Amino acid sequence: MLQALLHQLPVLQIVLPLVAAPIVAAFGGNGRGWMIAFATSLIAFAVAATLFAEVLDGSVISYHLGGWAPPIGIEYRVDILNAFVLVIVSGVSAICLLYARASIAAEVEEKNHAFFYATFLLCMTGLLGVTITGDAFNLFVFLEISSLSGYALISAGAKRDRRALTAAYNYLVMGTIGATFFVIGLGLLYMLTGTLNMADLAARLTGYGDSRTLRMGFAFIFVGIALKLAMFPLHLWLPNAYTFAPSAVSSFLSATATKVAVYALLRILFTVFGFDSAFEANVLRLIVLPLAIVAIFVASFVAIFAEDLKRMLAWSSIAQIGYMLIGIALLSHEGLMATVIHLFNHAVAKAALFMVAGAFMLRAGTTSIPDLRGIARDMPWTSAAFVLAGLSLVGVPLTVGFISKWYLVQAALTQNLWPVALLVVLSSLLTLTYVWRITETIYMREAPAGVRRSEAPLSMLIPTWIFTGLSLYFGIDAGLTSMAASRAANALLGASNLFWQ
Amino acid sequence: MDAAFALIAGHANYWLVVILMMIGLYVAIARGNLVKKIVGLNLFQTSVFMLYISMGKVEGGTAPILTGLPATVYSNPLPHVLILTAIVVGISTTALALALVVRIREAYGTIEEDEILEIERDVGSKS
């Protein structure tokens with residue numbers, strides 16, 4: 001019985017939140033919705049952790065949906081890389097839901113709570129689906145499930161600020177264009193190969209050589225995913241979306257949505273295309289690498305001058321995505337390792353920071369930076385979490401940010417790209433500047449006279465500190481994450497033809 | 001001349017798809033009216049549906065329903081199935097976008113992008 005259940009784990013990962021969502025929508029009134037959603041996310045996390053433990057030795061689980069063998073049927077394929085991402089997504093969902101209860105009660109109208117949690121579960125379903133699927137068209141469908149529910153989640157911030165609606169609308173237009181580009185590219189690939197299963201696509205593209213159709217397919221898919229992961233200069237939807245979304249949603253999406261898009265990019269680049277032709281490597285070297293470096297500097301500068309804490313964090317996310325793209329563009333084992341490990345490291349640090357912003361929002365009613373003067377006096381625990389997670393963003397030793405940057409700088413140096421390494425280190429100073437600016441405001445400025453704000457409730461402090469603690473723990477003992485990242489990088493490089501040339 | 005004609009006539013479906021796609025993308029980007037933007041987005045998506053469906057056509061092929069005759073050539077049914085899914089995604093996107101436009105109209109009293117931006121700028125300078 002148990003053995004039979006274990007075999008169904010890959011599909012349970014998706015089906016559980018998918019089935020729970022309509023249940024929450026129908027019977028989720030009076031706080032039941034939150035309970036069902038939270039329980040579901042905990043089970044999903046347990047499933048993801050089990051899958052992760054199973055593939056840690058480098059094996060691959062292939063699950064055939066409905067018993068139809070690939071490439072005819074849809075395949076769910078779990079290897080070390082996407083098991084790692086599954087753990088991140090389901091873990092972040094569970095902790096964000098714990099946090100959401102108090103935060104959402106304040107930021108979203110009571111009558112919408114059931115629908116909010118149902119949408120949250122759908123978004124989680126989509127993100128987990130993108131991660132687990134081994135079928136390229138299935139990936140598109142899940143991508144749209146997660147994006148559509150993401151737009152709805154962002155618009156839930158409209159009670160506090162109506163600009164959430166226009167932010168969600170703009171994200172919808174950009175996101176749909178991105179998804180459609182992905183489908184166009186996939187169509188061109190299908191035209192060439194007649195298959196949609198990723199492993200099968202890879203097998204048929206190997207040795208195919210070069211053609212205009214292949215190049216166009218690559219370009220469309222690349223730009224489509226780049227829109228979803230907010231690669232500079234396709235990032236314009238992100239700042240408003242993360243600023244005006246409810247705080248729990250900002251925290252959840254910043255830690256998962258762009259990360260899953262980075263995963264999709266890795267999967268498509270390395271597993272499907274596999275750098276069979278020089279064109280693909282050139283795109284990364286000549287276009288993505290410079291754009292990523294520009295992104296880090298431009299976005300960090302904008303973050304320094306931001307007037308709102310959440311907007312600052314949103315711009316900082318764009319910069320951090322730049323680091324991940326540099327890791328990919330270096331096309332080496334160390335570079336990929338830096339990207340994969342930064343997926344996790346940035347997820348925990350940024351989730352903690354957005355949670356702090358949400359706690360300020362709850363108690364001070366605003367995240368406008370001048371209004372947060374001296375708030376550390378009233379909310380010492382929340383403020384301390386901000387400083388620690390902020391240091392991790394900067395990349396101070398003993399935090400996870402340092403681990404990512406260490407690998408990234410090493411990866412650049414082994415290829416003698418010392419300007420890249422230097423720029424990565426320099427950009428940390430910009431990060432330090434905007435983190436310091438907030439730290440100074442909340443600790444050293446006088447609080448406005450007569451204003452007292454109580455400490456955030458425990459149900460919000462605990463999730464914030466779980467993420468902060470993780471960002472410290474894995475900064476000191478990075479054994480598990482770096483092992484997973486190293487094996488994932490090996491698997492990616494093993495699947496590609498990068499070193500054949 | 002003949003070569004140019006062959007290039008256009010031989011790929012007529014692709015030319016139509018490309019033209020429709022560009023019209024849709026242009027409308028989605030350039031129009032200020034939020035509903036018209038959605039119309040553009042729909043055109044853009046529809047052109048992709050056509051791209052897929054035209055690629056499933058096999059010359060001399062019949063509808064993919066088993067006839068039992070070994071000599072029958074069938075068109076490829078898979079793109080149609082994929083597009084059925086993509087159409088559902090497109091409808092959901094349109095529905096969600098229209099719902100957002102209704103909410104925007106309630107909140108701002110307009111669905112013109114430039115007027116909304118002006119309102120947002122005024123709010124931004126005050127707060």
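The values are calculated or read from the model by the stated rules, or taken from the named source; none is laboratory data. What you see is a predicted model, and the numbers here were worked out from it, not measured in a lab. Cβ placement follows ideal geometry from the backbone for every residue including glycine, while neighbour counts extend to all protein chains displayed. Accessible surface is based on the protein model in full, side chains and every heavy atom, while ligands, DNA and RNA are left aside. Shrake-Rupley method; radii C 1.70, N 1.55, O 1.52, S 1.80 Å.
Observations, loosely collected:
- Relative to the dominant Cα principal axis of chain A, helix A:163-193 is inclined by about 10°.
- Portion, in percent, of the accessible area of the range A:292-501 that falls on carbon or sulfur, probe 1.4 Å: 69 percent
- Between helix B:34-55 and chain B there is an angle of about 10 degrees, using the helix long axis and the longest principal axis of the Cα atoms.
- Three-way shape label, the range A:384-501, alpha-carbon gyration tensor, a/c 1.5: oblate
- With the charge dipole of the range A:80-172 set up from +1 on Lys and Arg Cβ and -1 on Asp and Glu Cβ about the Cα centre, the Cα lying farthest toward the positive end among the listed residues A:Thr119, A:Ser103, A:Phe84 is that of A:Ser103.
- Gyration tensor verdict on chain B (Cα atoms; rounded if a/c is under 1.5, prolate if a/b is larger than b/c, oblate otherwise): oblate
- Over the protein assembly as shown: helical MRE at 222 nm, DSSP H runs n ≥ 4 each giving -39500 (n - 2.57), nearest 500: -25000 deg cm²/dmol
- Between B and A, accessible area buried - total, square angstrom, nearest 100, 1.4 angstrom probe: 2900 Å²
- Distance in nm between pseudo-label sites at A:Ala49 and A:Lys159 (7 Å out along the Cβ direction from Cα): 3.2 nm
- Karplus 3J(HN,Hα) series, Hz, for the range A:218-230 with 6.51 cos²θ - 1.76 cosθ + 1.60 (x for Gly, Pro): 4, 5, 5, 5, 5, 5, x, 5, 4, 5, 5, 9, 6
- A:Asn416-A:Tyr208 FRET efficiency (beta carbon distance; Förster radius 35 Å; 0.05 resolution): 0.65
- Taking 0.36 nm per residue of separation and subtracting the current Cα-Cα distance, fully stretching the chain between B:Ile23 and B:Val35 would add 2.8 nm.
- The charge dipole of the range A:292-501, taken about its Cα centre with unit charges on the Cβ of Lys, Arg, Asp and Glu (plus for the first two, minus for the last two), comes to roughly 200 debye.
- A:Lys159 sits among other residues whose Cβ lies under 13 Å from its own Cβ, and their net charge, with Lys and Arg +1 and Asp and Glu -1, is 0.
- Electrostatic bookkeeping for A:Met361 treats Lys and Arg as +1 and Asp and Glu as -1; over the other residues with beta carbon under 9 Å from its beta carbon, the sum is +2.
- Degrees between helix A:32-55 axis and first principal axis of chain A (Cα, 0 to 90, nearest 10): 40 degrees
- Given charges at beta-carbon only (K, R positive; D, E negative), |dipole| of the protein assembly as shown in Debye: 780 debye
- B:Ile8 versus A:Phe297: modelled label distance in nm, points set 7 Å from Cα along the beta carbon direction: 4.8 nm
- Residues whose amide H lies under 5 Å from that of A:Ser368, counting only those 5 or more places away or on a different chain, are A:Leu309; hydrogens are built 1.01 Å from N in the peptide plane.
- Accessible area per residue in Å² at 1.4 Å probe, computed on the range A:292-501: 36 Å²
- Under-5 Å amide H pairs with A:Ile74, H placed in peptide plane, nonlocal only: A:Leu65
- Along the axis of the charge dipole computed for chain A (Cβ charges of +1 for Lys and Arg, -1 for Asp and Glu, origin at the Cα centre), the listed residues A:Pro233, A:Leu330, A:Val47 are led at the positive end by A:Pro233.
- Charge tally in the Cβ shell below 11 Å around A:Val260, where Lys, Arg are +1 and Asp, Glu are -1, A:Val260 excluded: +3
- Inter-label distance, B:Lys57 to A:Arg445: 6.5 nm, where each label sits 7 Å from its Cα along the C-beta direction.
- Under the criterion of Cα pairs below 8 Å and six or more residues apart, the relative contact order for chain A equals 15 percent.
- Cα gyration tensor category, rounded, prolate or oblate, for the range A:292-501 with a/c compared to 1.5: prolate
- Computed FRET value (nearest 0.05) for B:Asp122 with A:Asn112, which takes r as the C-beta separation and R₀ as 30 Å: 0.60
- Computed from phi, the 3J(HN,Hα) profile of the range A:370-382 under the Karplus parametrisation 6.51, -1.76, 1.60 (θ = phi - 60°) reads x, 6, 9, 4, x, 6, 5, 4, 8, 10, x, 5, 4 Hz, with x in place of Gly and Pro.
- Options A:Val348, B:Val89, A:Val435, ranked by Cα towards positive dipole end of the protein assembly as shown, top entry (Cβ charges): A:Val435
- For the protein assembly as shown, the number of Lys pairs with C-alpha atoms closer than 30 Å, counting only pairs eight or more positions apart or on separate chains, is 27.
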